[in-house]
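Beneath this line is the structure, given in structure tokens, with notes to follow.
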Amino acid sequence: MSVAVTTTATSSRPEQLLNRLAAVSVVGGPLCFWLGGLLAPPAMHTDGGQTITANATADPATNTAHLIAFFAASFLLPVSVVGLARLSWARTPWLSALGGLAGVVGWIPLAALTALDAAAVAMARMPGSTPYGRLYDTFAYGPLMNAYLIVYIVGHLAAYVLLGTALRRAGVVPAWAAWAMVASSPLTMAMFVLPGNPVVVGAIAIGLLVAGSVPAARAVWAAERE
């Protein structure tokens, strides 16, 4: 009897570790992404010249923090959407599967986009950095980075509509938390299409995602005891 109990306890430890990693990622991923966006230079991703100038005049410590936050988010966010999909899986498997898949595919390009930000910082630190604006435009708006950007936008925005709906139907998080996740997607899209890409709209959108993710993270953490 004691051997069976010991075996069960030992075999559950890896599952507990993965569950806790998922719970931390569910809230940590959006939070790091939010911080990275808030700390990034305000004129980023307009055109190459303005992007280089914005990085050249930005506070070095703040700019480094924005890269670190996005770097962490690029690892945590794919794990987080898997955690959300797993949380709602039992009652809404199709929505969970589609949302999780869209989220993983949509967040993978964040690593490439973060590397693009790091390249802009490196260019800004080079002597006579002004001519690098054209090089930045050539790379940032080329076919490869445009493909990454399209997959990123469509994938992660669709994911939170699907996952938020799945979590609401499954009843595993409060209704307000699920709707906050869903609402974050159209607000983020508004930031992309409105003139000047207003950062405030994006900050509110990701803030909603962070707020909705807190109860979800608690539910994922609590699931290991069930």
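Please treat every number below as a calculation from the coordinates, not as lab data. As the structure is a prediction and not an experimental result, all values here were calculated from the model. Cβ: placed from backbone, ideal geometry, glycine included. Neighbour counts: every protein chain shown.
Tell me, what does the Kirkwood hydrodynamic radius of the range 62-138 come to in angstroms if you use every pair of distinct C-alpha atoms? Write down the numbers at each step before the final one.
On the way: mean 1/r = 0.0691 Å⁻¹.
Hydrodynamic radius (Kirkwood, Cα only) of the range 62-138 equals 14.5 Å.
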Two-site label geometry, L17 and W176: point separation in nm, points 7 Å out along Cα→Cβ: 3.7
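Which of the peptides 144-153, 90-99 is most tightly packed, and how do the rest follow, going by the mean number of other Cβ atoms within 10 Å of each residue?
Working: 144-153: 14.6, 90-99: 17.5.
Peptide ranking by packing, descending: 90-99, 144-153.
Give me the Å³ per residue figure for the convex hull around the C-alpha atoms of the range 162-226. Don't skip to the answer; put the middle values down first.
On the way: hull volume 4.5 nm³, N = 65.
Value for the range 162-226: 69 Å³ per residue.
What is the order of L162, L116, fewest Cβ neighbours within 10 Å to most?
On the way: L162 27, L116 18.
The fewest-first ordering by Cβ neighbours comes to L116, L162.
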Listed residue (F139, T165, A56) projecting farthest to the positive dipole end of the range 16-223, Cβ model: T165
Total formal charge among the other residues, if their Cβ is under 13 angstrom from that of A170, Lys/Arg +1 and Asp/Glu -1: +4
FRET efficiency, F75 to L38 (Cβ-Cβ, R0 25 Å, nearest 0.05): 0.85
Estimated FRET transfer efficiency (A115, R218; beta-carbon r; R0 25 Å; 0.05): 0.15
Under-5 Å amide H pairs with T46, H placed in peptide plane, nonlocal only: T51
Projected label distance in nm at A190 and L144, using a 7 Å step from Cα toward the beta-carbon: 3.6
Dipole magnitude of the chain, debye to nearest 20 (Cβ charges: Lys/Arg +1, Asp/Glu -1, about Cα centre): 520
Candidate values (i) 1.06; (ii) 1.03; (iii) 0.96, label of the one derived for Rg/Rh (Cα atoms, Kirkwood Rh): (i)
Structure-based [θ]222 nm, the chain - -39500 (n - 2.57) summed over DSSP H runs of at least 4, per residue, nearest 500: -29000 deg cm²/dmol
The range 22-40 and the range 58-113: distance between their alpha carbon centers, rounded to Å: 9
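Let's test the formula: R0 of 25 Å, r as the Cβ-Cβ distance of A65 and R86. What FRET efficiency results, to the nearest 0.05? Let's see the in-between values first.
Values: r = 31 Å, r/R0 = 1.24.
The computed FRET efficiency comes out at 0.20.
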